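Contents: one structure, followed by commentary.
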Amino acid sequence: MPSQDQILQSIRERVTHPANLQELMQTLDVPRTERVRFRRQVKALVASGALIETRGKHYGLPELMDLVVGRVSVHPQGFAFVTPEHAIEGLAGDLYIAGMHVNEAMHGDRVVARIERHRADGRAEGRIVRILERAASTVVGRFDLDAQGLQFVMPFDRRLVMDIQVPRGDERRAKPGEMVAVEITRWPTPTRNPLGRVVEVLGDIDAPGVDTTIIIRKWNIPDEHGADVIAEAKRLGTTVARRDIASRTDFRDLEIVTIDGEHARDFDDAISIEKGPKGHYTLGVHIADVSHYVREGSALDQEAAARGTSVYFPERAVHMFPSELATGLCSLRPNVDRLVQSVVMEVDRRGKVVDYSIHDGVIHSRARMTYAAVNAILTQDKALRTEYAALVPRFELMHELFDILNARRRRRGSIDFDLPEPQVILDADGVIENILPAERNIAHRIIEEFMLLANETVAEHLADQGAPTLFRVHEAPDPLKVEELEEFVSTLGYGLAVPPHLARPKHFQRLVERVRGKPEERPIAALMLRTMQKARYDPANLGHFGLAAEFYTHFTSPIRRYPDLIVHRALRELQHGGMTPETATDRAEELPEVARHSSEMERRADEAERELLQWKKVRFMADKVGDEFDGYITGIAPFGLFVELVEHFVEGLVHVSTMADDYYRFTERAHTLRGENTDKVYRLGDHVRVQVVRVDLERRQVDLGLVEILERLREQGQKRPRGEGPKGPRRSGKAAVRSGKSGRARRPGRRERAAGRGRRR
């Protein structure tokens, strides 16, 4: 039986109109013995949005019916955009949805939208016609009462533009002003708000730990593991059983170590290395064999599949697996036996893998090393070199091999962005005390390089074997975006040296190398990142553009990423003869949805981590109103400049209304704001001096002002931006900090009474 992707391809090639099931089976020559299964496949394709079922029970391709399947992103003012899941010919960018055409959809829902008007620039407008999947059934917000005593919850996410009505008796003893989680019991319509009941009272928004809980609940991230999942993990025990070691390759005599962060507890990977007489290196990358313990279809597996990934917040981690596995039986702790999937590679002096083998193995790690300790050893720290004298030669071999592998990857054009990342220092209550540049030393780079090599080797092995699996793919950027990048870098005296449609990874890498260490490095790197497509998971091997790799997958972190577990299972099935034709067919049918869901869960984790960190950064800035900082312009929009502070890695907005010394015009493709009279130009990457004008805790935004303009306005005696007194902004911050509790209570449904609509603008 063909896979879902093959059925879709056949429909595209052979079916010329929306057809009923009988017509589809006849046109596609589906045997009678396969028709029940074919019906299930079609039903699954409809559920996923890949096929559309009309009211007359006909099935068609959405792109041929002017329909778009994707996630809806709602703006706080009510209008929305639908991001297509697949490229649509003739459609540039996202589909615009006017507020009146959002209908019953809420932010984040997966929907079908109809294109109703094409614009000359390739963009289009439409309306939402069907909801395929709700983003969440639970919403986080502030519980409140209106003047008449009606209860409602104002969503924490401003993109959820309706308040949720809470009937009497469903408030779970929540007090006005407290943060709650509310389960939606009646979805909205164009004329009425959603209805819900409080299922959890989270407490005061300023209490320690509540911010993390709010973000977890907002993004619908499962926090606690199910009782059946924990029980299953406990039944696996805490030590490796003797029977599990039998028939495995025994690596316990090798000097194997883990190298990880200082606070890490879930150790996925361990390294062994030797050098042979021909000057070749034997590199062993040993990865926790989670697939041995987590059987397909088990409670552990089902929950891990739903979560997709672990999520790491500043204060704590939300693990994909219970701690009994994540930091216990599967974690490659030192001085204990652990089961692994190992890829052992012979690497020549040019960095080429000339031979490899893949094993079910068992290891006994000699030491749990940190990045800081290995870096110190490699930079001649005498005390540590003495303490780990037996392992020092191994670390030096690792450094040697890293230089070779890194040089080879750079020769083929792999793009390396080496921009500083922030590291937050928290106090006991989870409040940021300081934000510093995160150290990325040679030990980090060694492990990263070894993991890349293992992932590539495994990916090529699985592709050569034709095994259904998940690949990590990164497609080439849109030539139109490359053209915009070229236009911008040309204003700074740089270029890719090829037409946009011919740009390859090596051209981007050469540009990165030319600007490294120069003032324009940050803006060019930032815009280059925006030019690139997002990496994702896919059953098809489409290559990895950023790494300039023909084959790539994720193999090295099965404790914290579900796609890695899928890859491990494929390896085990190949090794043990379990990849039968029937198994391969089943895998091919399942993997497209696993890939889609895993990619979405990864994006959810990234966005949740980013949002909490940004919120904490805003709170960190609350007592710095009036202070001045150096910064770089990281984004330009018609309404102002986004500036990242050099000292604290905090981004704030210089609103164009504070730039009152001139009329500034936005040029999108050049990424500039230009003054009409002064001809002053602010461009992406410019160094600027800014002053913190206001910290808005409710909107979680830092408002900045350009010092040169503020000073000019003071000299001219003109009106100052809001929050600025006769001698500049108040430094106490009290009047210029807007609290997250300042929003007035509003009665839900008042717009229904006034205008027959419940949507908040």
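Odds and ends about this structure:
- Condition broken by residue 98, with the remaining ones in (1) hydrophobic (A, V, I, L, M, F, W, C); (2) under 25 Å from the mean Cα position of the chain (by Cα); (3) under 30 Å from residue 185 (Cα atoms) satisfied: (2)
- Condition met for residue 326 (touching an Asp or Glu at 6+ places or on another chain (Cβ under 7 Å), part of a helix (DSSP H, G or I), buried (at least 19 other Cβ atoms within 10 Å of the Cβ) and assigned by the TED database to the domain that holds residue 422): yes
- Residue pairs meeting the criteria (Cβ under 6 Å; at least 6 apart or on separate chains; first over 23 Å from residue 86 (Cα atoms), in region 519-541; second surrounded by fewer than 17 Cβ atoms within 10 Å (Cβ to Cβ) and among the small types (Gly, Ala, Ser)): none
- Residue list for region 411-433, filter: touching a strand residue (DSSP E or B) at 6+ places or on another chain (Cβ under 9 Å), open to solvent by 30 Å² or more (accessible area, probe 1.4 Å), over 14 Å from residue 208 (Cα atoms) and not acidic (Asp, Glu): 412, 420, 422, 423, 424, 425
- On the stretch given as region 8-66, residues that are surrounded by 12 or more Cβ atoms within 10 Å (Cβ to Cβ) and either hydrophobic (A, V, I, L, M, F, W, C) or in contact (Cβ under 8 Å) with a residue 40 or more places away in the chain (or both) total 30.
- For residue 167, the requirement of being at pLDDT 90 or above and in contact with an Asp or Glu (Cβ under 8 Å, 6 or more places away or on another chain) is not met.
- The conditions of being open to solvent by less than 10 Å² (accessible area, probe 1.4 Å), hydroxyl-bearing (Ser, Thr, Tyr) and in a loop (DSSP other than H, G, I, E, B) are not met by residue 291.
- Selection from region 129-163 of residues that are assigned to a strand (DSSP E or B) and within 25 Å of residue 603 (Cβ to Cβ): 129, 130, 131, 132, 133, 138, 139, 140, 141, 155
- Residues that are open to solvent by 10 Å² or more (accessible area, probe 1.4 Å) and not in a strand (DSSP E or B) within region 258-276 comprise 261, 262, 263, 264, 265, 266, 267, 276, listed in sequence order.
- Residues of region 641-675 classified as among the charged types (D, E, K, R) and under 30 Å from the mean Cα position of the chain (by Cα), total: 5
- Condition check for residue 536: closer than 30 Å to residue 594 by Cβ, surrounded by 17 or more Cβ atoms within 10 Å (Cβ to Cβ), touching a helix residue (DSSP H, G or I) at 6+ places or on another chain (Cβ under 9 Å) and not assigned by the TED database to the domain that holds residue 419: yes
- The residues of region 92-138 that are in contact with a helix residue (DSSP H, G or I) (Cβ under 9 Å, 6 or more places away or on another chain), hydrophobic (A, V, I, L, M, F, W, C) and without any contact (Cβ under 8 Å) to a residue 60 or more places away in the chain, listed by number, are 113, 128.
- Candidate set from region 363-388 (those that are in a helix (DSSP H, G or I) and of a type in the set (Val, Ile, Thr)); member that is farthest from residue 339 (Cα to Cα): 386
- Selection within region 97-128 - open to solvent by 70 Å² or more (accessible area, probe 1.4 Å) and either part of a strand (DSSP E or B) or touching a Cys at 6+ places or on another chain (Cβ under 6 Å) (or both): 114, 116, 117, 118, 127
- Residue in region 175-189 that is part of a loop (DSSP other than H, G, I, E, B), among the polar types (S, T, N, Q) and open to solvent by 30 Å² or more (accessible area, probe 1.4 Å) present: no
The values are calculated or read from the model by the stated rules, or taken from the named source; none is laboratory data. It should be emphasised that the depicted structure is a prediction, and the values quoted were computed from it without experimental measurement. FYI the Cβ positions are ideal-geometry reconstructions off the backbone, even for glycines, and counts take in every protein chain you see. We work out accessible area using only protein heavy atoms, side chains counted, and drop any ligands, DNA or RNA first. Shrake-Rupley method; radii C 1.70, N 1.55, O 1.52, S 1.80 Å.
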